[in-house]
Each structure stands twice: as C-alpha cells, then as structure tokens.
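Asker: My structure is below; once you've seen it, I'll send some questions.
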Amino acid sequence: DLANAVLLLLSLSEQPETFPWIDPPTPVAIKQSKELLVKLDALNGETLTSIGKVLAELPIHPRLGRMLVEGFRLGQEEGVSLSVAILSERDPLSQKGTPHSTNSDLLERVAWIETQEKTKHLRSLWQSQEQLLQLIRSPKVKSLLSSIPKIKGVSEVEAILRSVLA
C-alpha cells in the first residue's frame, strides 16, 4: 500500500510516476494508491484537496487520518480519535469473549473503553488517543483544518460511524 508515500510525494509537488525511487513501484500500485486518495477525498485529479493537505501532515495511514479529519469536522474528535487508536492498536476485547451488544464491533469497543479507568492494561490505547488528539490540534494541522467546514449537532456514535464511512 503506497497511499502514504504517494500522498507525501504529491504534497511535495513530486509526481510518483516520475519520482526517482530506489525500487520503483509498479504503475498499477501507484494508480491504486491514487484511486484510494480520491476515495478519501484527498486528491482531485492530480491536486491535493484541503483534506489531502491535512492528511499529508499526519504521520498515520491516510485512511486513519481521514477518520480523524471527519471526527474534527463533526465536532467529535475525542470519540473518533479513540476509534482510530483502537483500529491502530491491539484489540482490547479480543481475549474478553464478551457478547456483542451493538451491531458494530468498533462502537462496542469505544463504549467499553470509555467506561474503563485509565489503567495499565489500556495505557497504550489512552496514549495513542492522546497523541492523535495532539496531532489534530497542532497549530499547523489546526490551521489547515480551518478551511474544512464543521457540522454541528452530531452525536459521538454517529460521528464514529460517519468517520469510518469517510
């Protein structure tokens, strides 16, 4: 998956197809990465969108970065950043064998974690969430995000689901 590399190159005004790679990727791999960036609303033709510029500043996969951007846009950075942390870390419920209480594994995990104290067992998730919040609230990213219109009145659950769809 070259999406992150392609995004970085485009943010530096480099064309991935002509970039002097040490080990050049196939044209198909570059094409697939660009198609993903278009689906994430990060790329319009050969130009980065305002969302793409934000994603290029985040040191995480563009899919997860897009979730963070959507969480910001919907005014639910806390819950969405916890969702991104869950998706990028080890599953905290994989060994619990808990029955499903919702139709969404992700929502189930967010709800469970939000009821837990910040214990040693979940330390990496809480730290990951905090790092993601710091990223999205950093001056440069916040400045880039200012061009993205916010939507108010969206619940945390709806924001998490919409961020996954985005």
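Asker: Accessible area per residue, 1.4 Å probe, Å², for the range 1-67: what's the number? Don't jump to the answer; show the numbers that get you there.
Answerer: Values: 3760 Å² over 67 residues.
Each residue of the range 1-67 exposes 56 Å² on average to a 1.4 Å probe.
Asker: Another one. For the range 1-86, calculate the relative contact order in percent as a whole number, restricting contacts to Cα pairs under 8 Å that are 6 or more residues apart. Walk me through the intermediate numbers first.
Answerer: Values: 78 pairs, mean separation 22.0, N = 86.
RCO, the range 1-86: 26 percent.
Asker: Helix 156-165 sits at what angle to the longest principal axis of the chain, using alpha carbons and giving 0 to 90 degrees rounded to 10?
Answerer: 30
Asker: In addition: How far, in degrees from 0 to 90, does helix 123-136 lean away from the longest principal axis of the Cα atoms of the chain, to the nearest 10?
Answerer: So the inclination is approximately 50 degrees.
Asker: Now for a separate question. For the pair T115 and S88, how long in nm is the line joining their label points, each one 7 Å along Cα→Cβ?
Answerer: Those two pseudo-labels are separated by 2.7 nm.
Asker: Could you list which residues have their amide H under 5 Å from that of L43, counting only those 5 or more apart in sequence or on another chain, with H placed in the peptide plane?
Answerer: Close amide H contacts, sequence-distant or interchain: V38, T49.
Asker: State the volume of the convex hull built on the alpha-carbon positions of the chain, expressed per residue in Å³ and rounded to an integer. Numbers along the way, then the final one.
Answerer: Numbers: hull volume 23.4 nm³, N = 166.
That works out to 141 Å³ per residue.
Asker: Follow-up. Given springs between every Cα pair under 10 Å in a Gaussian network model of the chain, which of V28, V80, V110 has the largest fluctuation?
Answerer: V28
Asker: Using a 10 angstrom cutoff on alpha carbons, build the Gaussian network for the chain and name the most mobile of I136, I60, I51.
Answerer: Result for the chain, Cα springs under 10 Å: I60 fluctuates most.
Asker: Then there's this: In the range 27-95, carbon and sulfur make up what percent of the accessible area (probe 1.4 Å)? Working shown, then result.
Answerer: On the way: 1490 of 3070 Å².
Carbon-and-sulfur percentage of accessible area, whole number: 49.
The values are calculated or read from the model by the stated rules, or taken from the named source; none is laboratory data. All values reported here derive from a predicted model rather than from experimental measurement. So basically every Cβ, Gly included, is an ideal-geometry build from the backbone, and we count neighbours across all protein chains shown. Accessible surface areas use protein heavy atoms only, side chains included; no ligands, DNA or RNA. Shrake-Rupley method; radii C 1.70, N 1.55, O 1.52, S 1.80 Å.
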